[in-house]
Amino acid sequence: MTPQTTNQTDTGYSLTLRLSSNTCSVSALSSMLRTLQAAIRDAASRSQAAENLSTHQPAPLLMVRTSSQGEALTLSLVFAVGGSEPLEDVSAAAFSAFMEEISEVLSAQPHMTLWGTRPKAGGGPASKRMQLFLDDIVRLGEVELEAQGHRVRFTSSGISMGQG
């Protein structure tokens, strides 16, 4: 996966991550990208997006475009075959499934206790990869995820979800 720099605006079929700082640990960013890719593919495999991902030969790659403005770093992800034009239908379906699952997982998590800790949440196998991604993304500071009209914002004071 080769990062590309672009000034293009985000598309309606991409998954956008906005990091408040353009400086972060390579280890934290690398781990987050690995768990993000696994969580996206996992969520997509349990939805109608699975057919879209499996019908393309060769298999679609998750590609990233980067841009920065001031101190913020933006990563826009899309599925494509061999670095060609983005697969809009595949990307939209996969990211929709991912955002729906992240909303479900976050909504089901227990709230913090008086001591500032969270009891361990239950959760089936469907949420394990998502939980690994969530563990990684909070290490990057303030981050906003946006796709398919859904937005999730991670800050030091908590997590907020809404419609984009």
Which of the residues belonging to the stretch 53-68 are out of contact with any Pro (no Cβ under 6 Å at 6 or more places or on another chain) and of a type in the set (Ser, Thr, Tyr)? Ser54, Thr55, Ser67, Ser68
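Select from the stretch 24-65 the residues that are under 14 Å from the mean Cα position of the chain (by Cα) and over 15 Å from Arg129 (Cβ atoms) and list them in ascending order.
Hits for the stretch 24-65 are Leu29, Ser30, Met63, Val64, Arg65.
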Check off (1) under 22 Å from Glu101 (Cα atoms); (2) outside any helix (DSSP H, G or I); (3) not β-branched (Val, Ile, Thr) for Ser21 and give me the number that stays unchecked. (1)
Out of everything in the stretch 15-34 that is of a type in the set (Gly, Ala, Ser) and over 21 Å from Gly70 (Cβ atoms), what residue ends up being surrounded by the most Cβ atoms within 10 Å (Cβ to Cβ)? Ser31
Confirm whether Leu106 is under 15 Å from the mean Cα position of the chain (by Cα) and modelled with pLDDT of 90 or more. no
Pair list, Cβ under 8 Å, 6 or more apart: the stretch 44-62 residue in contact (Cβ under 8 Å) with a residue 60 or more places away in the chain and within 21 Å of Ser76 (Cα to Cα), other residue surrounded by 16 or more Cβ atoms within 10 Å (Cβ to Cβ) and aliphatic (A, V, I, L, M): Leu61/Ala80; Leu61/Val81; Leu62/Ile40; Leu62/Leu77; Leu62/Val78
Which numbered condition Pro119 misses (of (1) surrounded by fewer than 15 Cβ atoms within 10 Å (Cβ to Cβ); (2) at pLDDT 90 or above): (2)
Test of understanding: among Val81, Val64, which residue is touching a Leu at 6+ places or on another chain (Cβ under 8 Å), closer than 12 Å to Leu17 by Cβ, surrounded by fewer than 22 Cβ atoms within 10 Å (Cβ to Cβ) and hydrophobic (A, V, I, L, M, F, W, C)? Val64
(1) touching a helix residue (DSSP H, G or I) at 6+ places or on another chain (Cβ under 9 Å); (2) crowded, with 16+ Cβ neighbours inside 10 Å; (3) modelled with pLDDT of 90 or more: which one isn't true of Ala50, the others all being true? (3)
Hey, among the residues in the stretch 31-84 that are part of a helix (DSSP H, G or I) and among the β-branched types (Val, Ile, Thr), which one's nearest to Ala147 (Cα to Cα)? Ile40
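The values are calculated or read from the model by the stated rules, or taken from the named source; none is laboratory data. Since the model is a prediction, treat every value here as computed from it, not as a measurement. All Cβ positions, glycine included, derive from the backbone under ideal geometry; neighbour counts span all protein chains shown.
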